[in-house]
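Here is the structure we will look at.
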């Protein structure tokens, strides 16, 4: 029920006085309401839940998390016998 | 897909699982709040990568499961009326009421429609001025911004034939209820990432401090979940109890302020009955007096709801993490996804459905 799907904003427009957008989910395009992310720009990634953008996705924060995981990976590899230099 | 595949990377998953195994030195019990997280754990077999001392119990974060039987019976009574188009998220249609479900109301001639978004329900109301269109507004905080916006949109469009049957629930009060329950074993929570996307995590700080329990805001992909578990066991092992964020690409401390403003405009706090658990004070939202003209409970005077729950179903204990589905005598026998006794077997997020679909029988 609380699932959200990340997608890229490719179009912004007003409909019935509401800020709406076209969202690209890896090739599938759907409409979503952007009222809760008025700062959104075309090209931004957002998370869509029941047809609404909940927030924008922070590229920087995502990269920081992935960097941290890479660090844990390299430490784990160094622990294997024969891998430690 | 960007922001999906990289958080399912097997190398990252195994490295995190390895670090969790190294960190854990004693038994711990962690509860993931959200049913979406439960399904990801089962689907990717994440529980099987964890050390034996670590037990994951599954929380009440499935709105389809906790919507009270009385509210479902009200939905059934409204949906059966001839001038009504009843709209709902798809998961609700097979949830058993006292005698039947929304699918059987539809089979008997009721106009029951599945919508993807509450704005679709508003559109149906616009297209069908001679019908009363009712939307079953269930959900946790995640879904509240959408459901509230449908009410504001209906007001702006001057729709007289749109109403919502509200059954909104909130996480913080449920967390406290679980922690003070006599059978409680939970020592740390993985908070629901998308609830916190909307609400932030400022509400959890007093819970962590008062109840001395680490709370980790956690996402839904395998890497997200294991990172949340790692941050939880690290705090548990070191005797800390803070609120930390393992889902920072979407969640900030304050959450989405615009959403919270709109929720505060349309909803007010209320006590709410949870299916299988009972009444939890301040655990729900209802329409504020100025929006009660959109309340389906006022518009349709449904009296004398006589609700009766299956006596075999132990969903209440499952939703609080006290029992696992495999401890239920009906699980997989008289209760299956095709013939569910309780909502936890119906919903795509229900714990019993997760155990059934991913072979934990």
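We did not get these values from a lab; they are worked out from the coordinates using the rules stated. Everything numeric here is computed off the predicted structure, so don't read it as measured data. All Cβ positions, glycine included, derive from the backbone under ideal geometry; neighbour counts span all protein chains shown.
If you line up the long axis of helix A:59-79 against the longest principal axis of chain A, both from Cα atoms, how many degrees apart are they, to the nearest 10?
On a 0 to 90 degree scale, this one is about 20.
Taking 8 Å as the Cα distance limit and 6 or more residues as the minimum spacing, I'd like the relative contact order of chain A as a percentage.
Computed over chain A, the figure is 23 percent.
For a Förster distance of 45 Å, can you work out the FRET efficiency between the beta-carbons of residue B:100 and residue B:282, rounded to the nearest 0.05?
0.90
Cut-off 10 angstrom, C-alpha nodes, Gaussian network model of chain B. Which of B:284, B:316, B:158 fluctuates the most?
Judging by the Gaussian network model, the answer is B:158.
Using a basic spin-label model with each label point 7 Å from the Cα along Cα→Cβ, how many nm lie between residue B:26 and residue A:67?
Once both label points are built, they end up 3.6 nm from each other.
Per DSSP helix of 4 or more residues, -39500 (n - 2.57); summed, then divided by the residues of chain B. What does that give at 222 nm, rounded to the nearest 500?
-10500 deg cm²/dmol
Out of all Cα-Cα pairs in segment B:47-115, roughly what percent, to the nearest whole number, are more than 20 Å apart?
Tail of the P(r) past 20 Å holds 39 percent of the pairs.
Report, for the protein assembly as shown, the % of DSSP beta bridges that are antiparallel, rounded to 5. Please list the in-between numbers first.
Numbers: 30 of 64 bridges.
If I count the DSSP bridges inside the protein assembly as shown, around 45 percent turn out antiparallel.
Using a 7 Å offset from the Cα along the Cα-to-Cβ direction at both residue B:14 and residue A:24, what is the distance between the two label points in nm, to one decimal?
Output for this residue pair reads 3.4 nm.
So what's the angle, to the nearest 10 degrees on a 0 to 90 scale, between helix B:222-237 and the longest Cα principal axis of chain B?
Helix B:222-237 sits at roughly 60 degrees to that axis.
Taking a ≥ b ≥ c as the square roots of the Cα gyration tensor eigenvalues, with a/c under 1.5 meaning rounded and otherwise prolate when a/b beats b/c, else oblate, which class fits segment B:61-191?
Numbers: a/c = 2.99, a/b = 1.61, b/c = 1.85.
Verdict is oblate for segment B:61-191.
Which of B:115, B:180, B:151 ends up with the largest GNM mean-square fluctuation for chain B, with Cα atoms connected below 10 Å?
Answer for the Gaussian network model of chain B: B:180.
Round to the nearest 10 and give me the degree value, 0 to 90, for the angle of helix B:10-23's Cα axis relative to the longest principal axis of chain B.
The helix B:10-23 is inclined about 60 degrees to chain B.
Assuming R0 = 30 Å, what is the FRET efficiency of residue A:17 and residue B:271, from their Cβ-Cβ distance, to the nearest 0.05? Each step should come with its number before you reach the end.
Numbers: r = 35 Å, r/R0 = 1.16.
Approximately 0.30, to the nearest 0.05.
Please report the Cα spread of segment B:1-64 along all three principal axes, rounded to whole Å, starting with the longest.
35, 29, 14
Taking only Cα atoms and a 10 Å spring cutoff, compute GNM fluctuations for chain B and point out the largest among B:153, B:320, B:71.
B:153
Exposure proxy check: B:86, B:135, B:220 ranked by fewest other beta carbons within 10 Å?
B:220, B:86, B:135
In whole angstrom, note down how far apart the Cα centers of segment B:110-145 and segment B:218-292 are.
24
What number does the protein assembly as shown give for Rg over Rh if you use C-alpha atoms and the Kirkwood radius?
Numbers: Rg = 21.8 Å, Rh = 22.5 Å.
Dividing the radius of gyration by the Kirkwood radius yields 0.97.
Please list, in order, the residues from segment A:1-22 whose amide nitrogen is less than 12 Å from a point placed 7 Å along the Cα→Cβ vector of residue A:42.
Only A:9-13, A:22 fall inside the zone, counting backbone N under 12 Å.
Residues in segment B:65-83 near a label at residue B:309, defined as backbone nitrogen under 19 Å from the 7 Å Cα→Cβ point?
Counting backbone N atoms under 19 Å from the label point, the list is B:65-76.
So if we plug the beta-carbon distance of residue A:75 and residue B:209 into 1/(1 + (r/R0)^6) with R0 = 51 Å, what FRET efficiency do we get, rounded to 0.05?
Once rounded, the FRET efficiency stands at 0.95.
From the Cα gyration tensor of segment B:1-118, with a ≥ b ≥ c the square roots of its eigenvalues, which class applies: rounded if a/c is under 1.5, or else prolate if a/b is larger than b/c, or else oblate?
Cα axes put segment B:1-118 in the prolate bin.
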